[in-house]
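Step one of this worksheet: look at the structure below.
Any read-out appearing in this document is the output of simple, stated calculations on the displayed coordinates, not a laboratory observation. Worth saying up front: this structure is predicted, and the values here are computed from it rather than measured. When we count neighbours, we look across all protein chains shown, and the Cβ atoms used for this are built from the backbone with ideal geometry, even at glycine.
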Amino acid sequence: MKAFLIDLNKCVGCYDCQIGCKDEHCGNDWTPYAKPQPDTGQFWMRVQETEHGARPHVKVSYVPIMCQQCEDAPCIKVAENGAVYRREDGLVVIDPVKAKGQKKIAEVCPYHAVFWNAELEIPQKCTGCAHLLDRGYPIDHPRCVDNCHMDAIQFGEESELDLADTETLNPEFSLKTHVYYRGLPKPFVAGKVYDPETEEVVIGAIVTAKEPVKNEAWTTRTDAFGDFWLRNLPKADLNITIHGGGKSYEGTVSTKEKSVGMGNVALK
Amino acid sequence: MADQKMPDGPWQEPETTIYRGMACGGTGGELSAIDSKNGKVVRIRPIRYTDEYTEEELEGHLWSFTARGKTLKCPVKTAPPYQSLAYKKRIYSNNRVKYPLKRVDWEPGGDPDKINAQNRGKSKFVRISWDEACDMVADEIKRVRSQYGENAVLAVGEDGHCQSKLIHMVGGNHINMLMRTGGFTREVRTPDSVEGFYWGAKFAWGPGVQAGLGMYDNGWNIIEDVSEHSDMVVMQAGDLETTQNYASQWMSRVMRFWMDIGIKLVVVDPFCTYTSVCHDEITWIPLLPNTDVALDYGMMYVWLTEGLYDVDYVETHTTGFDKLKAYVLGEEDGVPKDPKWASERCGVEPWTIKALAREWGRKTTSILHYCGCHVRGPYSHEPGRTEVYKLAMQGFGAPGVQQIHLFSYGGAKQEIRATTSGPMMFSEMHAMQFYPADQSIPRTLIHRAIQNGKADWWGSPQIIFAMPDEQFEHNFYPIPEDEGGCKVHMLWSEKPCNQSCWNGGFEFQEAMRNPELECVITNHPWLENDSLFADLVLPVTTPAEESDIVGSGMGDSLEVAAVQDAAIPPVGESMSDYEISLEIAKRFSPDVAAQMAQGMIDGEMQFGLTIEQQKRSEYERSRVKNEISWEELKEKGFYVPKLDPVWREYKPNARLFYEDPDTFPLPTPSGKIDFYSEELAENFPDDQERPPLAKWVEGGPAEEGWSHDETLRGERAKKYPFLVNACTGRWRFHAQCDDITWHREIPTAKVVGKDGYLYEPCWLCPEDAAKLGIVDGDIVKVYNDRGTVLCGAKISERILPQSVMVNKGSRSDPITSGLDRGGNINLISPAGPISKHCYGFAVSGYLVAVEKVADEEMAQWMNDYPEAFERAYDPASGSHYAGWVEGVE
């Protein structure tokens, strides 16, 4: 069974995967695997870019999202005439001839990974570059994988991939997906701790975030720049306490909507 | 599950593959494969060296080293820059010029009533034949020479960044032709990437790499040295994830490796760079654009007062330290340059300045950038020098104390490779453009030389092969008549992007409308920027359409040589710059064309060579022939040279100076790092803008002799309250590739205006946006007294208050004089020099105002300039061919 493993800790946000997909599929006809992808506006491989935090604690997450190669694929279920099928290697492929006119194949995907090509009147999505896999040249793996210069995207037999510490997207959909992610973005709280009297950063201050309902806590220390980063936090209201150099800070933040950059935090 | 056997069909049709380095830096870059079918490009992808060679054959060709218990290996798969990977869209851009074009209301002959110079950049073009075009070019050259003087043709576009080619080289073919048929005026390429180092650092540590760039000539094994010894690497204005795309993306791996072995990376930049945002480990320290000198002196104050510098090294390896100390501590002018002083100027809080200074002072620290936008602003010679001062105070050359720049990235010395700074293949014809001409004009002065009919400047100022002392020579245009001096009346450009990459773009546009310029010609594959202001546009092929011998170049994980057939036939009727120059040469004499097609075959100089013979000739003249036969190279398509057996033994050049400054002195007057330049003191004793010791220079009113008033502390800031960071964009390479549809739809590439136009982003912080009543996606005008460019608001935490970022290189889309819709920020950059004696460009870190464009104002423009708003426009690719050429469907 084929699977993708995407390690976001290696990703540098270059979009080479998105571009590689377009280069392979825009303007190229790989019938019977796929008709050409429209030049713009549709993304069989889409990098989802999100800015997190506040100056100077800003990070951007880049999450490549494509067909999740579901075992219980809603698109297969909704398709008529067997227009969407799952290959022996597990890749889910839309037959561009049989799928003509079947807009519901595009609409049913909870990952929004299937696109409606209005001009050709067909639903389209990632094929895992099955045409390359099958013919074996000039490369025998998907273009997004080939284009990635950081080896952040791997493709292969699922049993041979190291899936430790990986997650799937929206596991609550229960569709038995075969795209695995390592390092999906999680909320953080960050800040720069300083003493306004001495105009010095406070190094080694102990920073604690407490979630009062479950009474869970996360703690870290400020670094040589006075910065702290509490990572992998839940989406919650959090009480923040900071102690350092005989002074302290107390406050509250919420990660329910997004990560929090507290900026300069003065100790008193 | 369905049967995997698929029916036969086009998906199986064979494709042909060629290997080609085609980075937009112009020197090849890491190899990509172009697969094509039926004369069309199918895909462009990375290659693996194992595609053509076995692992055994590659033994001794690929480097690796171990540092701090981890091994970094030269990747077997190449990492071409992302522009290469999307180049199919560039090849088939709807902005490609497919046929020779003539401006509809221009006629050759110089009749003022028939050239309609005032309509350049306004009137449209019409298709003509190659014969007509070449005849016109040759006839105009002959006419202008006889009417005004031999040197009345200005050849623009020597050297610089462009598509990677060798035989078909962009830039210099017209010079080759003009040289052989008479005179010309040479436009000299100025030190555009390295201004601050060229005009500043040179006087501290000598001419630097390529005999003039002003960045240190590092030699080999810098990456390894840093991996083994550095604790911290500071990217002060060095967004490697963006700038490395000059040639490659391989530094991503190096930075990942460094973080994995525990090296701390710090980004000091007005923008939270693309490098900074993608790694949890990186600390971002934001500062205001072009205030690096203040930060640097604030840090040096901490080092001096807390003893955090290498006292012994300063004693033995530098001169003039007492003067630096006196300035920093305030003994010279009564103003201590302490962190509070620095903070008021650079916007970094005093506590952060102190924290950074202490980390830097205590840890073994290197500086990393490509060249850096911190040295491209007004008075850039000052940050260029304070960078040297910082390194000098921390023992420059000691293990792990390096200036890492674009010539430092190669992994290891290969036996046949002489220097880190030269590409593997280098054509003599390319070198010809550096030959001195009787009359020349710096690229930074073209607009003013044309408008004023005269110009003067100090230094050549040629980017390479320019020693520090030549900056004390005063030069003039035109030269005396009896030496061949005359005003230029014709301009021929092989690199038509002066208005998007050099200073004072709007002034350049006006200069193009000067009626004394009777003929303006551009060679270019795309109808953009300066080509819109031309009378004749000659269509040029892209690398995919040319048979050539192009290897990789500096900035890659290793260097390779490659020889390739054209992947596809020329698009439209385009020809290479080389072929165009031959066609025009034939109008002078068939002999001239034959002389230009010269080369070495079997050790003999021969003329009139075909392209295939030229490829062979370039091979013969290179050292690649020492290791592989021509036949085998052609069969394989590329070759990875052998490592030098003693590659690990080469010490970084600065190490030699560090260890033994007497035996390995620097090429400075003292042989050491000079904090204070006696040469500057002697030659320009009254220069307040570039004093002998670098200073925080704010400038001021022109009437007081200042070249700039471009800081937040000056008078002009009251009117124009933002400093603009106009560094290179992530999704372009300088002014190249702005039409790649797949890049333009990336969220950070463009902003979709409510009128459907894709505007260049103007990045603003939320606080300033709120004050200005601007919301994300609004159409805004970015302006100063030099003009107005329209942009789309991009509101982000990655920007500081009082600053905005508009990346340079978005294509011009002229509405009228002084007003541009394309977001070409360079149009409103200062049009003059860096400082009085330094005719470089200041194209970032200057003042602008930003305002939301009211609907009424836009409606007024549409009413006043309907032709500009009615031009055909495609949001996917931007302004294009059909908007400028008559009779296009």
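Within the straight-line cut-off of under 23 Å between alpha carbons, the lysines reachable from B:K354 are A:K192, A:K247, A:K268, B:K264, B:K323, B:K325, B:K337, B:K340, B:K363, B:K390, B:K695, sequence neighbours fewer than 8 places apart in one chain being disregarded. Dividing the summed helix terms, -39500 (n - 2.57) for each DSSP H run of n ≥ 4, by the number of residues in chain B produces a 222 nm estimate of -7000 deg cm²/dmol to the nearest 500.
Pull out a ≥ b ≥ c, the square roots of the eigenvalues of the alpha-carbon gyration tensor of chain B, then state rounded if a/c is under 1.5, prolate if not and a/b is larger than b/c, and oblate in the remaining case. In terms of gyration-tensor shape, rounded.
Return a whole-number percent for the relative contact order of the range B:709-883, with Cα pairs under 8 Å and 6 or more residues apart as the contact set.
About 27 percent, as a whole number.
Among the residues of B:10-17, the average count of other protein chain beta-carbon atoms within 10 Å of the residue beta-carbon is 4. Structure remark: mean-square fluctuation, Gaussian network model of chain A, C-alpha springs under 10 Å; the largest value among A:Y62, A:Y137, A:Y194 belongs to A:Y137. Karplus-based coupling profile of the range B:130-145, in residue order and whole Hz: 4, 4, 4, 4, 5, 4, 4, 4, 4, 5, 5, 4, 4, 5, 5, 4, with θ = phi - 60° in 6.51 cos²θ - 1.76 cosθ + 1.60 and x standing for Gly or Pro. Roughly how many whole Å is it from the C-alpha centroid of the range B:761-817 to that of the range B:352-427? Computed from Cα coordinates, the inter-centre distance equals 31 Å.
For chain A, the relative contact order works out to 20 percent when only alpha carbon pairs closer than 8 Å and six or more residues apart are counted. Just check the range A:189-266 against the gyration tensor rule for me: Cα atoms, a ≥ b ≥ c as the square roots of the eigenvalues, rounded for a/c under 1.5, and otherwise prolate or oblate depending on whether a/b exceeds b/c. Because a/c hits 1.5 or more and a/b exceeds b/c, the range A:189-266 counts as prolate. Looking only at other chains, what is the average number of their beta-carbon atoms within 10 angstrom of each beta-carbon in B:73-79? Per residue, the average neighbour count from other chains is 2. Sorting the segments B:664-673, B:705-714 by their residues' average number of neighbouring beta-carbon atoms within 10 angstrom, most packed first, yields B:705-714, B:664-673.
Computed from the C-beta positions of B:D333 and B:E767 and an R0 of 25 Å, the FRET efficiency is 0.15 to the nearest 0.05.
Applied to the range B:190-196, the Karplus parametrisation 6.51 cos²θ - 1.76 cosθ + 1.60 on θ = phi - 60° returns per-residue 3J(HN,Hα) values of 8, x, 4, 7, 10, 2, x Hz, with x for Gly and Pro.
Report note on the peptides A:238-247, B:601-610: ranked by the mean count of other C-beta atoms within 10 Å, highest first, their order is A:238-247, B:601-610. Across peptide A:15-28, the mean count of Cβ atoms from other chains lying within 10 Å of each residue's own Cβ comes to 6. Considering every alpha-carbon pair of the range B:709-883, the percent of pairs per 5 Å bin, from zero through the bin containing the longest distance, is 1, 9, 17, 22, 21, 15, 9, 4, 1, 0.
Taking chain A as a whole, the Cys residues whose C-beta sits 4.7 Å or farther from every other Cys C-beta are A:C11, A:C14, A:C21, A:C26, A:C70, A:C75, A:C109, A:C129, A:C148.
Rounded to the nearest Å, what's the spacing between the alpha carbon centres of the range B:94-129 and the range A:34-73? Just the number, please. Taking the Cα centre of each part, the range B:94-129 and the range A:34-73 sit 44 Å apart. Take B:530-537, B:331-338 and order them by the average number of nearby Cβ atoms within 10 Å per residue, most first; the result is B:530-537, B:331-338. Taking A:A79, A:A209, A:A118 in turn, the Gaussian network model of chain A (Cα-Cα springs below 10 Å) assigns the largest fluctuation to A:A118. Summary value for chain B: 19 percent relative contact order, contacts being C-alpha pairs under 8 angstrom separated by 6+ residues. Between B:T610 and B:K323, the C-beta separation translates, for a Förster distance of 60 Å, into a calculated FRET efficiency of about 0.45. The lysine pair count for the range B:709-883, using Cα distances under 14 Å and pairs eight or more places apart or on different chains, is 8. The modelled label-to-label distance between B:A872 and B:K114, using points 7 Å beyond Cα along the C-beta direction, is 2.9 nm. If one puts a single equal scatterer on every Cα of the range B:1-156 and applies the Debye formula without solvent, what log₁₀ I(q)/I(0) results at q = 0.16 Å⁻¹? Taking Cα atoms of the range B:1-156 as identical point scatterers yields -1.06. The distance from the alpha carbon centre of the range B:632-670 to that of the range A:196-210 is 46 Å, rounded to a whole number. Note on chain A: with a GNM built from Cα contacts shorter than 10 Å, the maximum mean-square fluctuation among A:F115, A:F155, A:F225 falls on A:F225. Summarising the label geometry, the points placed 7 Å from Cα in the beta-carbon direction at B:K340 and A:S248 lie 3.1 nm from one another. The equivalent ellipsoid of the protein assembly as shown has semi-axes of 42, 40, 31 Å, largest first, where each one is the square root of 5 times an eigenvalue of the Cα gyration tensor.
In this structure, A:N264 and B:R648 have a Cβ-Cβ separation that, at R0 = 45 Å, corresponds to a calculated FRET efficiency of about 0.45.
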